[in-house]
Structures are given as C-alpha cells and as structure tokens.
1. At 1.4 Å probe size, with the rest of the protein present, what percent of the exposed accessible area of the chain is carbon and sulfur atoms?
2. So, by mean Cβ neighbours within 10 angstrom, what's the order for 3-12, 101-110 with the highest one leading?
3. How much area per residue is accessible in segment 54-105 when the probe is 1.4 Å and only protein heavy atoms are counted (Å²)?
4. When you count, for each residue, the other Cβ atoms within 10 Å and take the mean per peptide, how do 25-32, 57-64 rank with the highest first?
5. Just add up the charged neighbours of Trp52: K/R +1, D/E -1, any other residue whose Cβ is under 15 Å from the Cβ of Trp52.
6. Of Ala34, Val97, His69, which is farthest along the charge dipole of the chain in the positive direction, counting Lys and Arg as +1 and Asp and Glu as -1 at C-beta?
Amino acid sequence: MDNNGNEHGFVAQLDESTMKFSFTEVPPSLFKGAVATQVSNINDEHDVCGFWTDANKVSHGFVGRLGGHYYSFEAEIEGMKVASTQVFGCNNNGGLVGQVTDSAGALHGFVYREGRFHPFDAPGSSQVTVLNVQGR
C-alpha cells in the first residue's frame, strides 16, 4: 500500500540457490488513470494477470509478460454491458478467468479462451437462483 492507501501489485520470485526473494512491482503508473494495481496470477511462462483500479473505484483487467508490456482490457461478454473487470487467473495457453460487474451491479464469472469471453455463473453461486433466492 502507498501513503494514499492504494495497493501496488507485485510478483515475488524465490531464488532457490540463495533462498532469497526478489520482487517485481506492477505499479499503477503503467496504466493511464490507475491509482491501484493487484497481481492475481503468474503462469509458468511468466505471463502476469490481474487488474488495476481507477479513481472511481472501477477495475480494469490486464495481462502481460513480467517486466514487459501489460495490456489493459474490459471483458466483452455476449452483449453484456460490463462496468468492471477483474482477472484472477491466466494459463500458459492464453486463457483467463475472472469476474465482471454488470451495469446493474451484479457479479458474473468469465472464462476467456479461443479469443472470446464466455460467461460463467457457477451453479449455486449468488448469481444463480437457488431455492427462489437470488444474490445481489
């Protein structure tokens, strides 16, 4: 956290020969308008994913190579107007998982594969009606 209470994402890597950690920050300054970043995952190819937050508390997804260029994006899911995007995982094949907040404020999971975002609301989640109860 910085002096303003905003998070700065980072990746910690262990050098097994020395048993010491090195840290690589993914600072908000990498994204225009960002006040905070969060790194959610790194894969075996050193691709990093996560999200950054702007001054209005809106999250935007990102993915990129550790220490390289990061690409910011908003999920586009079957015509759904997305108000916020958070990425939680990235695999070696370009796949992503995360969540979006729709324009009504509801959360929905997503899977990105084969060049498309696919919605995923797990059975029994707060976004799927169970016993006539719908999450908010």
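1. 51
2. Those peptides, ordered most packed to least, come out 101-110, 3-12.
3. Per-residue value: 54 Å².
4. Order by mean packing, descending: 57-64, 25-32.
5. Surrounding charge for Trp52 is -3.
6. Value: Ala34.
The values are calculated or read from the model by the stated rules, or taken from the named source; none is laboratory data. Quick caveat: nothing in here was measured; it's all calculated off a predicted structure. Backbone-built Cβ (ideal geometry, glycine too); neighbour counts: all protein chains shown. The accessibility values were calculated without ligands, DNA or RNA, using every heavy atom of the protein model including side chains. Shrake-Rupley method; radii C 1.70, N 1.55, O 1.52, S 1.80 Å.
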